[in-house]
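J.: One structure follows; several queries about it will come next.
The values are calculated or read from the model by the stated rules, or taken from the named source; none is laboratory data. Note that the coordinates shown come from a computational prediction; the quantities given were computed from them, not determined experimentally. Here the Cβ positions follow ideal geometry from the backbone for every residue, glycine too, while neighbour counts run over all protein chains shown. Please note that ligands, DNA and RNA were not included when accessible areas were found on the heavy atoms of the full protein model with its side chains. Shrake-Rupley method; radii C 1.70, N 1.55, O 1.52, S 1.80 Å.
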Amino acid sequence: MLFHPISIILLLLTFMVQEFIPGLEIAQYATLFLPAVFFFCASVAAPFSMMLVLAFITGFIWDARHLQGVTESLAGMEDLFGTGADSELSAGSHSLPFGLSIVLFGMLGTLMQGIRPLFKRGRLELPVLMVGVATFVWLLSQFLIMTFLRGSLQFPGGVWSKMITDTLLAMLASPLIFLLLYSLARLSSYEIKYDGLRYRFDGR
């Protein structure tokens, strides 16, 4: 089956592309977190076991790239919440534990698994919305954990608007990724199995 290994390759490529995606200054430095968005979209098409593999890969590489080490400050997360937030969070804060992203992606991927029947029928309204919800929950969870480890819950100006604009960008990009996954499924003759039901992408 080619669908799964190609999905992993595409996921790895998103981390390369992410390095060249700039933040939008006019929108609180909103950024398209392409690896996370691709994972949330792929979670709808992949079986549960494969989703866990994708969650591990996504979370491991994300932490390896954005966390400088478990003993360093949160300065390595400076691109996540924008320049206005990271300067306030970095002072006196503690690092996030390595591997936290794996847990977050695994939990959110499990949530995305619940809308697989809609994706199989080609209904993308709710899947696109759920990609936005998952992205917002992912960002909010990291922010809350950071502030908790810092010792006080603070919400610097621009954090909420930054998370909302990041979420909107994720929702705008998700239909293209869903279309890519549909095309890949057709080319590889991949079929989704869910609770004993079978559906072929060619309609048979």
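J.: Test Ala64 against the stated conditions and say whether it is among the small types (Gly, Ala, Ser) and either assigned to a loop (DSSP other than H, G, I, E, B) or modelled with pLDDT of 75 or more (or both).
T.: On the way: among the small types (Gly, Ala, Ser): yes; either assigned to a loop (DSSP other than H, G, I, E, B) or modelled with pLDDT of 75 or more (or both): yes.
Answer is yes for this residue.
J.: Does Phe3 count as at negative phi and modelled with pLDDT of 95 or more?
T.: On the way: at negative phi: yes; modelled with pLDDT of 95 or more: no.
Taking the combined requirement at face value, the residue does not satisfy it.
J.: A further question on this structure: Looking only at region 100-115, which residues are assigned to a helix (DSSP H, G or I) and among the aliphatic types (A, V, I, L, M)?
T.: Step one: filter region 100-115 for residues assigned to a helix (DSSP H, G or I), giving 100-113.
Of everything in region 100-115, those that are assigned to a helix (DSSP H, G or I) and among the aliphatic types (A, V, I, L, M) turn out to be Leu100, Ile102, Val103, Leu104, Met107, Leu108, Leu111, Met112.
J.: For region 132-146, what are the residues that are of a type in the set (Ser, Thr, Tyr) and surrounded by fewer than 18 Cβ atoms within 10 Å (Cβ to Cβ)? Before the answer, list the steps.
T.: Filtering region 132-146 for residues of a type in the set (Ser, Thr, Tyr) gives 135, 141.
If the condition is that a residue be of a type in the set (Ser, Thr, Tyr) and surrounded by fewer than 18 Cβ atoms within 10 Å (Cβ to Cβ), then Ser141 is the only one that fits.
J.: Now for a different question. Across region 29-61, which residue is modelled with the lowest pLDDT among those that are assigned to a loop (DSSP other than H, G, I, E, B) and open to solvent by 30 Å² or more (accessible area, probe 1.4 Å)? Even if it seems obvious, please write down each step before you answer.
T.: Step one: filter region 29-61 for residues assigned to a loop (DSSP other than H, G, I, E, B), giving 29, 31-33, 46-47.
Subsequent filtering for residues that are open to solvent by 30 Å² or more (accessible area, probe 1.4 Å) retains 29, 32, 47.
Numbers: Tyr29: 72, Leu32: 89, Pro47: 89.
By that ranking, first place goes to Tyr29.
J.: Go through (1) part of a helix (DSSP H, G or I); (2) at pLDDT below 90; (3) out of contact with any Pro (no Cβ under 8 Å at 6 or more places or on another chain) and name the single condition Leu153 misses.
T.: Result: Leu153 passes all but (1).
J.: Let me ask another. Working only within region 18-28, note down all residues that are part of a helix (DSSP H, G or I) and either surrounded by fewer than 13 Cβ atoms within 10 Å (Cβ to Cβ) or at positive phi (or both).
T.: Just the residues of region 18-28 that are part of a helix (DSSP H, G or I), to begin with: 18, 25-27.
Across region 18-28, the qualifying residues are Glu25, Ile26.
J.: Moving on. Could you pull out the residue among Leu129, Leu124 that is open to solvent by 20 Å² or more (accessible area, probe 1.4 Å), modelled with pLDDT under 90 and out of contact with any Lys or Arg (no Cβ under 9 Å at 6 or more places or on another chain)?
T.: Working: Leu129 fails: modelled with pLDDT under 90.
After applying the criteria, what remains is Leu124.
J.: Consider Ser87 carefully, then state whether it is modelled with pLDDT under 95, within 19 Å of His4 (Cβ to Cβ) and assigned to a helix (DSSP H, G or I).
T.: Numbers: modelled with pLDDT under 95: yes; within 19 Å of His4 (Cβ to Cβ): no; assigned to a helix (DSSP H, G or I): yes.
No, not satisfied.
J.: Which residue out of Leu180, Leu118 is at pLDDT 85 or above, open to solvent by 20 Å² or more (accessible area, probe 1.4 Å) and not in a loop (DSSP other than H, G, I, E, B)?
T.: Values: Leu118 fails: at pLDDT 85 or above.
Exactly one residue qualifies, and that residue is Leu180.
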